[in-house]
Every structure is written in structure tokens, then in C-alpha cells.
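S.K.: Have a look at the structure that comes next, please.
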């Protein structure tokens with residue numbers, strides 16, 4: 001999450017999501033011509049790789065949503081990842 005204590009505008013940010021009191025690295029965003037481009041830190045977030053976001057906060061929200069969706073799919077009874085419904 002961006003540090004709002006500094007007045008300087010940075011060109012890149014680390015995106016982490018908080019899970020059970022610990023930080024899970026999702027990726028980084030790097031300033032691009034029309035926003036911030038996401039680069040995944042782990043394979044778990046490869047689906048967001050290369051996406052353009054308006055800002056770091058939007059990238060963080062997308063990572064949270066994506067992780068929550070993956071967690072629901074993994075915990076669905078009788079479903080396995082990659083198994084057709």
C-alpha cells in the first residue's frame with residue numbers, strides 16, 4: 001500500500017495483501033504512460049500480470065478480489081482447481 005506520509009510521487013509500489021495478520025506478496029506496479037502496470041510476484045497472481053491500473057490502490061483491490069475468488073473456488077465442495085463444473 002502506498003505510504004501517504006511522503007509527498008513525493010513514486011514510480012513503483014509493492015502490492016501485498018493482508019491475510020491472517022501477515023502480508024502475502026502479490027506483485028509490484030510500475031508507472032506506465034497511462035497508469036500502473038502490474039507484475040506478479042508469485043504464480044498465484046499471474047492472472048493479473050501486465051494489467052494496467054489507474055493507481056496502486058486499484059491494483060491492491062484487484063489482487064484482494066482475485067485472491068478471494070481463488071480461495072472460494074479452492075474451497076468449493078467437490079470442485080478441484082481446473083475441474084470443469
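All of the numbers you see were taken from the coordinates with simple rules; none came from a lab. Since this is a predicted model, take the numbers as computed values, not measurements. Here the Cβ is made from the backbone with ideal geometry for all residues, glycine too, and neighbour counts use every protein chain on show.
S.K.: Which residues does the label zone of residue 22 cover in segment 43-67, counting backbone N under 19 Å from a point 7 Å along Cα→Cβ?
M.R.: Correct set: 43-45, 64, 67.
S.K.: Once you have the Cα-Cα distance between residue 61 and residue 9, take 0.36 nm times their residue separation minus that, and quote the gain in nm to one decimal.
M.R.: Value of the extension gain: 16.7 nm.
S.K.: Taking 8 Å as the Cα distance limit and 6 or more residues as the minimum spacing, I'd like the relative contact order of segment 12-75 as a percentage.
M.R.: Over segment 12-75, the number comes to 25 percent.
S.K.: I've got another one for you. Please rank 24, 52, 19, fewest neighbouring Cβ atoms within 10 Å first, as an exposure proxy.
M.R.: In order of increasing Cβ crowding within 10 Å: 19, 52, 24.
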